[in-house]
Amino acid sequence: MNPVRPIGVFVADDHGLIREAIRLALAAEPDIEIVAEAERGDEVLPRVRECCPDVVLLDLRMPGMQGLDVLDRLRGECPDTKVAMLSAVDDPEIAADALRRGAVAYLGKRIDPATLVPTIRQIADGTITAETFALLEPAGQAAARHADLSPRETQMLMRLADGRSNREIARELWLSEHTVKYHLTNVYRKIGVRGRTEAARYAFEHALAGRS
């Protein structure tokens, strides 16, 4: 039996610390391999042609060529390569523009390393949804920050409000049901509710539902 080929990831970011953080987050994953990196936007397309990655993590702002311009070139010349934008800017309009132009996800650079790994797997297998923490409406962003919800906890609450069971949430986010239950317990404590029904009501009242 032939071994399964790892998911090839190309990291394009002009900040060395970001690239190093991504390397560390992926280092222990046998099914994910960083195949190349780039510091400049104008380096991305030639290197993608050479190494044919499955997933490109593409910084929004880079010297040489801006991320959205690189995205346009990749969509035109390498349509089978899936692109996820990386950005420190939580701007729903920019995120929506990136998705319209062909990105499969818009990821904040504050993303939890534990979230990055399953997200890359979802991108590679085509199960990722356009929802990200950065894509919440401003009211939802404010509510999540006010309650001190992490991006992962926000994902959990959004999916709970959309009617997912713990098992469904676990399957979508590549987690165990025990981990989902742990996160939701923290969510309930932070937003001051006693269970799923009250949590769902909180999500709808604070623009944290209907986004997944």
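Here, each number is a calculation from the coordinates, and none is a lab measurement. Treat the numbers as computed from the prediction; the structure is a model and nothing was measured. Counting neighbours? That spans all protein chains shown, and the Cβs are built from the backbone with ideal geometry, glycine included.
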Inset, instruction - With label points built 7 Å along Cα→Cβ from the Cα atoms of residue 193 and residue 178, find their separation and express it in nm. - result: 2.6
Inset, instruction - Search the structure for amide H atoms under 5 Å from the amide H of residue 38, placed 1.01 Å from N in the peptide plane, and list their residues when 5 or more places away or on another chain. - result: 11, 12, 13
Legend entry - Global geometry of segment 138-205, whether rounded, prolate or oblate, following the gyration tensor of its Cα atoms and the 1.5 cut on a/c: prolate
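Using a Förster distance of 25 Å, how high is the FRET efficiency between residue 50 and residue 21, based on the Cβ-Cβ distance and rounded to 0.05?
Working: r = 24 Å, r/R0 = 0.98.
Approximately 0.55, to the nearest 0.05.
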